[in-house]
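Just below is one structure, and these are the notes that go with it.
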(Lines give C-alpha, C1' and ligand atoms only; values in the text may rest on other atoms or scores of the structure.)
Protein backbone atom coordinates (compact mmCIF):
# COMPACT_ATOMS: atom_id res chain seq x y z
CA UNK A 1 0.00 0.00 0.00
CA UNK A 2 1.34 3.44 -0.92
CA UNK A 3 2.59 5.31 2.13
CA UNK A 4 3.17 2.21 4.26
CA UNK A 5 6.54 2.04 5.99
CA UNK A 6 6.27 -1.58 7.03
CA UNK A 7 9.22 -3.67 5.94
CA UNK A 8 11.45 -0.65 5.30
CA UNK A 9 14.30 0.78 7.29
CA UNK A 10 13.01 3.11 10.00
CA UNK A 11 12.99 6.72 8.80
CA UNK A 12 13.46 5.75 5.13
CA UNK A 13 10.92 5.92 2.32
CA UNK A 14 11.02 4.88 -1.29
CA UNK A 15 9.51 6.40 -4.40
CA UNK A 16 6.08 4.88 -3.65
CA UNK A 17 5.83 6.94 -0.46
CA UNK A 18 7.02 10.29 -1.81
CA UNK A 19 3.57 11.26 -3.12
CA UNK A 20 2.36 11.71 0.48
CA UNK A 21 5.37 13.80 1.55
CA UNK A 22 7.23 16.91 0.44
CA UNK A 23 10.77 18.33 0.66
CA UNK A 24 12.07 20.91 3.10
CA UNK A 25 11.53 23.70 0.58
CA UNK A 26 7.77 23.12 0.67
CA UNK A 27 7.75 22.98 4.48
CA UNK A 28 9.57 26.31 4.50
CA UNK A 29 7.08 27.88 2.10
CA UNK A 30 4.05 26.69 4.07
CA UNK A 31 5.34 27.75 7.49
CA UNK A 32 7.44 30.81 6.67
CA UNK A 33 10.49 29.32 8.42
CA UNK A 34 13.71 29.30 6.40
CA UNK A 35 15.25 26.01 5.35
CA UNK A 36 18.47 26.75 7.23
CA UNK A 37 16.46 27.43 10.39
CA UNK A 38 14.53 24.17 10.00
CA UNK A 39 17.79 22.26 9.62
CA UNK A 40 19.21 23.97 12.71
CA UNK A 41 16.12 23.07 14.74
CA UNK A 42 16.57 19.48 13.71
CA UNK A 43 20.33 19.34 14.27
CA UNK A 44 20.67 21.31 17.53
CA UNK A 45 17.42 20.59 19.35
CA UNK A 46 15.87 17.54 17.70
CA UNK A 47 12.68 19.49 17.09
CA UNK A 48 12.07 17.84 13.73
CA UNK A 49 12.50 14.22 12.73
CA UNK A 50 11.96 14.05 8.96
CA UNK A 51 11.73 10.89 6.93
CA UNK A 52 14.54 10.43 4.41
CA UNK A 53 14.65 8.95 0.94
CA UNK A 54 17.14 6.24 0.08
CA UNK A 55 19.35 9.04 -1.24
CA UNK A 56 19.14 10.91 2.09
CA UNK A 57 16.79 13.74 1.12
CA UNK A 58 14.51 15.02 3.88
CA UNK A 59 10.76 14.50 3.45
CA UNK A 60 7.97 15.98 5.58
CA UNK A 61 4.21 15.54 5.98
CA UNK A 62 1.28 17.67 7.11
CA UNK A 63 2.07 16.64 10.71
CA UNK A 64 5.36 18.54 10.48
CA UNK A 65 3.53 21.67 9.34
CA UNK A 66 1.37 21.55 12.47
CA UNK A 67 4.44 20.80 14.57
CA UNK A 68 6.34 23.82 13.22
CA UNK A 69 3.28 26.02 13.75
CA UNK A 70 3.15 24.92 17.37
CA UNK A 71 6.85 25.69 17.80
CA UNK A 72 6.27 29.17 16.38
CA UNK A 73 3.33 29.71 18.75
CA UNK A 74 5.42 28.68 21.75
CA UNK A 75 8.21 31.03 20.65
CA UNK A 76 5.74 33.92 20.42
CA UNK A 77 4.63 33.11 23.95
CA UNK A 78 8.19 33.58 25.16
CA UNK A 79 9.59 30.04 25.32
CA UNK A 80 13.19 29.38 24.32
CA UNK A 81 13.98 26.68 21.76
CA UNK A 82 15.71 24.60 24.41
CA UNK A 83 12.64 24.82 26.65
CA UNK A 84 10.37 24.01 23.71
CA UNK A 85 12.41 20.91 22.93
CA UNK A 86 12.07 19.69 26.52
CA UNK A 87 8.37 20.49 26.55
CA UNK A 88 7.61 18.68 23.33
CA UNK A 89 9.64 15.67 24.40
CA UNK A 90 7.78 15.36 27.68
CA UNK A 91 4.44 15.85 25.96
CA UNK A 92 5.13 12.87 23.66
CA UNK A 93 3.61 14.11 20.46
CA UNK A 94 0.29 12.48 19.67
CA UNK A 95 -0.32 11.63 23.33
CA UNK A 96 -4.11 12.12 23.15
CA UNK A 97 -6.13 9.05 24.08
CA UNK A 98 -7.67 8.29 20.71
CA UNK A 99 -9.97 5.61 22.10
CA UNK A 100 -11.76 8.14 24.30
CA UNK A 101 -11.65 10.91 21.68
CA UNK A 102 -12.75 8.72 18.79
CA UNK A 103 -16.28 10.14 18.95
CA UNK A 104 -15.01 13.62 18.08
CA UNK A 105 -14.75 14.27 14.37
CA UNK A 106 -14.11 17.17 12.06
CA UNK A 107 -13.99 20.62 13.59
CA UNK A 108 -14.72 19.31 17.11
CA UNK A 109 -11.70 17.02 16.98
CA UNK A 110 -9.63 20.06 15.99
CA UNK A 111 -11.10 22.18 18.78
CA UNK A 112 -10.54 19.45 21.36
CA UNK A 113 -7.01 18.69 20.21
CA UNK A 114 -6.15 22.39 20.22
CA UNK A 115 -7.66 22.84 23.68
CA UNK A 116 -5.69 19.95 25.18
CA UNK A 117 -2.52 21.22 23.50
CA UNK A 118 -3.11 24.69 24.94
CA UNK A 119 -3.59 23.16 28.39
CA UNK A 120 -0.31 21.24 28.04
CA UNK A 121 1.39 24.55 27.20
CA UNK A 122 -0.53 26.47 29.92
CA UNK A 123 -1.63 28.94 27.25
CA UNK A 124 -4.65 30.99 28.36
CA UNK A 125 -4.51 32.96 25.11
CA UNK A 126 -5.05 29.87 22.96
CA UNK A 127 -7.80 28.54 25.22
CA UNK A 128 -9.59 31.86 24.84
CA UNK A 129 -9.16 31.90 21.06
CA UNK A 130 -10.51 28.36 20.60
CA UNK A 131 -13.45 28.90 22.97
CA UNK A 132 -14.36 32.25 21.43
CA UNK A 133 -14.38 30.81 17.93
CA UNK A 134 -16.43 27.76 18.91
CA UNK A 135 -18.97 29.72 20.97
CA UNK A 136 -19.42 32.30 18.21
CA UNK A 137 -20.33 29.59 15.69
CA UNK A 138 -22.22 26.99 17.73
CA UNK A 139 -24.85 26.95 20.53
CA UNK A 140 -23.52 26.88 24.07
CA UNK A 141 -25.02 23.41 24.67
CA UNK A 142 -23.03 22.03 21.75
CA UNK A 143 -19.80 23.71 22.87
CA UNK A 144 -20.34 22.27 26.33
CA UNK A 145 -21.08 18.74 25.13
CA UNK A 146 -18.51 18.52 22.34
CA UNK A 147 -15.60 20.55 23.72
CA UNK A 148 -15.57 21.53 27.40
CA UNK A 149 -17.00 18.28 28.74
CA UNK A 150 -14.69 15.96 26.75
CA UNK A 151 -11.66 18.11 27.64
CA UNK A 152 -12.47 17.82 31.35
CA UNK A 153 -12.95 14.06 31.02
CA UNK A 154 -9.65 13.63 29.18
CA UNK A 155 -7.68 15.72 31.66
CA UNK A 156 -9.27 13.91 34.59
CA UNK A 157 -8.45 10.53 33.08
CA UNK A 158 -4.81 11.15 32.28
CA UNK A 159 -3.51 13.33 35.12
CA UNK A 160 -1.76 10.45 36.92
CA UNK A 161 0.19 9.50 33.79
CA UNK A 162 1.61 12.99 33.19
CA UNK A 163 4.29 14.75 35.20
CA UNK A 164 2.29 18.00 35.22
CA UNK A 165 -1.13 16.31 35.05
CA UNK A 166 -2.46 17.77 38.29
CA UNK A 167 -1.42 21.29 37.35
CA UNK A 168 -2.93 20.86 33.86
CA UNK A 169 -6.28 19.75 35.28
CA UNK A 170 -6.31 22.58 37.84
CA UNK A 171 -5.33 25.11 35.16
CA UNK A 172 -8.16 24.16 32.84
CA UNK A 173 -10.75 23.81 35.61
CA UNK A 174 -9.88 27.29 36.91
CA UNK A 175 -10.06 28.75 33.42
CA UNK A 176 -13.44 27.11 32.73
CA UNK A 177 -14.85 28.29 36.05
CA UNK A 178 -13.70 31.88 35.48
CA UNK A 179 -14.83 31.92 31.84
CA UNK A 180 -18.23 30.42 32.53
CA UNK A 181 -18.66 32.66 35.54
CA UNK A 182 -18.21 35.72 33.35
CA UNK A 183 -20.74 34.41 30.79
CA UNK A 184 -23.14 33.51 33.60
CA UNK A 185 -23.12 36.99 35.10
CA UNK A 186 -23.67 38.51 31.66
CA UNK A 187 -26.56 36.18 30.80
CA UNK A 188 -28.33 36.22 34.16
CA UNK A 189 -29.59 39.77 33.62
CA UNK A 190 -31.12 38.89 30.26
CA UNK A 191 -33.19 35.88 31.38
CA UNK A 192 -36.92 36.46 31.82
CA UNK A 193 -38.31 32.95 32.31
CA UNK A 194 -39.16 30.76 35.28
CA UNK A 195 -36.75 30.90 38.21
CA UNK A 196 -34.94 27.72 39.23
CA UNK A 197 -32.46 27.06 42.03
CA UNK A 198 -29.26 25.19 41.14
CA UNK A 199 -26.91 23.83 43.78
CA UNK A 200 -24.58 20.95 44.58
CA UNK A 201 -25.54 18.22 47.04
CA UNK A 202 -23.97 18.18 50.50
CA UNK A 203 -20.40 16.92 50.26
CA UNK A 204 -20.06 17.76 46.57
CA UNK A 205 -17.10 19.95 45.71
CA UNK A 206 -17.02 19.87 41.89
CA UNK A 207 -19.32 22.51 40.44
CA UNK A 208 -18.13 22.89 36.85
CA UNK A 209 -20.72 20.45 35.49
CA UNK A 210 -23.44 22.34 37.34
CA UNK A 211 -22.11 25.65 35.99
CA UNK A 212 -22.26 24.26 32.46
CA UNK A 213 -25.86 23.20 33.02
CA UNK A 214 -26.91 26.56 34.46
CA UNK A 215 -25.36 28.41 31.54
CA UNK A 216 -27.36 26.28 29.12
CA UNK A 217 -30.50 26.83 31.19
CA UNK A 218 -29.94 30.58 31.05
CA UNK A 219 -29.71 30.38 27.27
CA UNK A 220 -33.17 28.76 27.29
CA UNK A 221 -34.59 31.70 29.23
CA UNK A 222 -34.57 30.35 32.80
CA UNK A 223 -33.70 32.74 35.60
CA UNK A 224 -31.12 30.79 37.56
CA UNK A 225 -30.34 31.25 41.22
CA UNK A 226 -26.95 29.55 41.43
CA UNK A 227 -25.80 28.56 44.93
CA UNK A 228 -22.66 26.58 44.12
CA UNK A 229 -21.48 23.30 45.61
CA UNK A 230 -22.16 21.64 48.97
CA UNK A 231 -25.54 23.10 49.90
CA UNK A 232 -27.23 21.58 53.00
CA UNK A 233 -30.61 20.13 52.02
CA UNK A 234 -32.32 22.01 54.84
CA UNK A 235 -31.58 25.29 53.05
CA UNK A 236 -33.50 24.43 49.87
CA UNK A 237 -37.06 25.05 51.21
CA UNK A 238 -36.03 28.43 52.59
CA UNK A 239 -34.55 29.49 49.27
CA UNK A 240 -37.63 28.33 47.35
CA UNK A 241 -39.98 30.22 49.66
CA UNK A 242 -38.06 33.48 49.57
CA UNK A 243 -37.20 33.44 45.85
CA UNK A 244 -40.50 32.05 44.49
CA UNK A 245 -38.49 29.48 42.54
CA UNK A 246 -40.42 27.05 40.33
CA UNK A 247 -37.99 24.17 40.73
CA UNK A 248 -34.76 23.00 42.34
CA UNK A 249 -31.90 21.28 40.53
CA UNK A 250 -29.24 19.62 42.65
CA UNK A 251 -26.18 17.85 41.35
CA UNK A 252 -23.30 15.65 42.40
CA UNK A 253 -20.55 13.65 40.80
CA UNK A 254 -20.26 10.72 43.22
CA UNK A 255 -22.71 7.87 43.71
CA UNK A 256 -25.52 8.55 46.18
CA UNK A 257 -25.73 6.29 49.24
CA UNK A 258 -28.92 5.06 50.89
CA UNK A 259 -28.95 7.73 53.59
CA UNK A 260 -28.60 10.60 51.11
CA UNK A 261 -31.32 9.12 48.91
CA UNK A 262 -33.66 8.91 51.90
CA UNK A 263 -32.99 12.57 52.73
CA UNK A 264 -33.61 13.58 49.12
CA UNK A 265 -36.87 11.61 49.06
CA UNK A 266 -38.02 13.40 52.21
CA UNK A 267 -37.18 16.76 50.64
CA UNK A 268 -38.96 15.87 47.39
CA UNK A 269 -42.18 15.10 49.28
CA UNK A 270 -42.17 18.37 51.23
CA UNK A 271 -40.60 20.92 48.88
CA UNK A 272 -43.73 21.95 46.96
CA UNK A 273 -41.90 22.35 43.64
CA UNK A 274 -40.12 19.74 41.49
CA UNK A 275 -36.84 18.49 42.97
CA UNK A 276 -34.54 17.40 40.15
CA UNK A 277 -31.22 15.62 40.40
CA UNK A 278 -28.47 15.95 37.78
CA UNK A 279 -24.85 14.99 37.28
CA UNK A 280 -23.28 11.54 37.19
CA UNK A 281 -25.04 10.61 40.43
CA UNK A 282 -28.38 10.74 38.61
CA UNK A 283 -27.40 8.14 36.01
CA UNK A 284 -28.07 5.41 38.59
CA UNK A 285 -31.60 4.18 39.46
CA UNK A 286 -32.93 6.00 42.54
CA UNK A 287 -36.19 4.21 43.30
CA UNK A 288 -36.86 5.76 46.72
CA UNK A 289 -36.19 9.27 45.45
CA UNK A 290 -38.30 8.83 42.32
CA UNK A 291 -41.21 7.22 44.19
CA UNK A 292 -41.29 10.35 46.36
CA UNK A 293 -41.72 12.53 43.28
CA UNK A 294 -38.07 13.33 42.62
CA UNK A 295 -36.89 13.59 39.03
CA UNK A 296 -33.62 12.28 37.61
CA UNK A 297 -32.14 14.54 34.90
CA UNK A 298 -29.10 12.42 34.01
CA UNK A 299 -25.59 13.63 33.27
CA UNK A 300 -26.10 14.67 29.64
CA UNK A 301 -26.95 18.35 29.59
CA UNK A 302 -29.03 18.26 26.41
CA UNK A 303 -31.25 15.50 27.84
CA UNK A 304 -31.38 17.18 31.26
CA UNK A 305 -32.67 20.39 29.67
CA UNK A 306 -35.47 18.48 27.94
CA UNK A 307 -36.54 16.86 31.22
CA UNK A 308 -36.32 20.22 32.99
CA UNK A 309 -38.52 21.80 30.31
CA UNK A 310 -41.16 19.11 30.82
CA UNK A 311 -41.19 19.67 34.59
CA UNK A 312 -40.78 23.44 34.63
CA UNK A 313 -41.37 25.15 31.27
CA UNK A 314 -39.30 28.33 31.00
CA UNK A 315 -42.31 30.25 29.64
CA UNK A 316 -46.05 29.89 29.48
CA UNK A 317 -47.88 31.46 26.57
CA UNK A 318 -50.35 34.11 27.60
CA UNK A 319 -52.82 35.98 25.36
CA UNK A 320 -50.68 37.47 22.62
CA UNK A 321 -47.42 37.32 24.55
CA UNK A 322 -44.90 35.07 26.19
CA UNK A 323 -44.89 34.99 29.99
CA UNK A 324 -42.63 33.52 32.62
CA UNK A 325 -44.02 30.30 34.02
CA UNK A 326 -46.00 30.99 37.16
CA UNK A 327 -47.14 28.83 40.05
CA UNK A 328 -49.29 25.86 39.12
CA UNK A 329 -52.87 25.76 40.26
CA UNK A 330 -53.39 23.75 43.36
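Summary table below
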read-out	value
Qualifying residue in the stretch 161-178 (condition: without any contact (Cβ under 8 Å) to a residue 60 or more places away in the chain, within 18 Å of the chain's Cα centre (by Cα), surrounded by 21 or more Cβ atoms within 10 Å (Cβ to Cβ) and under 20 Å from residue 303 (Cα atoms))	no
Test set (1) at pLDDT 90 or above; (2) in the same structural domain as residue 123 (by TED's automatic domain parsing) - residue 272 fails condition number	(2)
Number of positions in the stretch 201-215 that are outside any loop (DSSP other than H, G, I, E, B) and over 14 Å from the mean Cα position of the chain (by Cα)	1
Hits in the stretch 173-212 (condition: closer than 21 Å to residue 282 by Cβ and touching a strand residue (DSSP E or B) at 6+ places or on another chain (Cβ under 6 Å))	194, 196, 197, 198, 199, 200, 201, 207, 210
Whichever residue in the stretch 218-236 is out of contact with any helix residue (DSSP H, G or I) (no Cβ under 7 Å at 6 or more places or on another chain) and in a helix (DSSP H, G or I) and, among such residues, is nearest to residue 188 (Cα to Cα)	235
Among residues of the stretch 277-291, those that are surrounded by 19 or more Cβ atoms within 10 Å (Cβ to Cβ) and assigned to a loop (DSSP other than H, G, I, E, B), counted	2
Every pair of residues 6+ apart whose Cβ atoms lie under 6 Å, when the first sits in the stretch 237-266 and is without any contact (Cβ under 8 Å) to a residue 40 or more places away in the chain while the second is surrounded by fewer than 21 Cβ atoms within 10 Å (Cβ to Cβ) and in a helix (DSSP H, G or I)	261/288; 263/233; 265/288
Selection count where residues are surrounded by fewer than 17 Cβ atoms within 10 Å (Cβ to Cβ) and either assigned to a loop (DSSP other than H, G, I, E, B) or in contact (Cβ under 8 Å) with a residue 24 or more places away in the chain (or both), scope the stretch 292-308	3
Considering residues of the stretch 68-80 that are at pLDDT below 85 and surrounded by 15 or more Cβ atoms within 10 Å (Cβ to Cβ) only, the residue nearest to residue 129 (Cα to Cα)	73
The stretch 208-225, subset in contact (Cβ under 8 Å) with a residue 40 or more places away in the chain and over 16 Å from residue 312 (Cβ atoms), residue surrounded by the fewest Cβ atoms within 10 Å (Cβ to Cβ)	208
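The values are calculated or read from the model by the stated rules, or taken from the named source; none is laboratory data. Everything numeric here is computed off the predicted structure, so don't read it as measured data. Ideal geometry is used to build each Cβ from the backbone, glycine not excepted, and the neighbour counts take in all protein chains shown.
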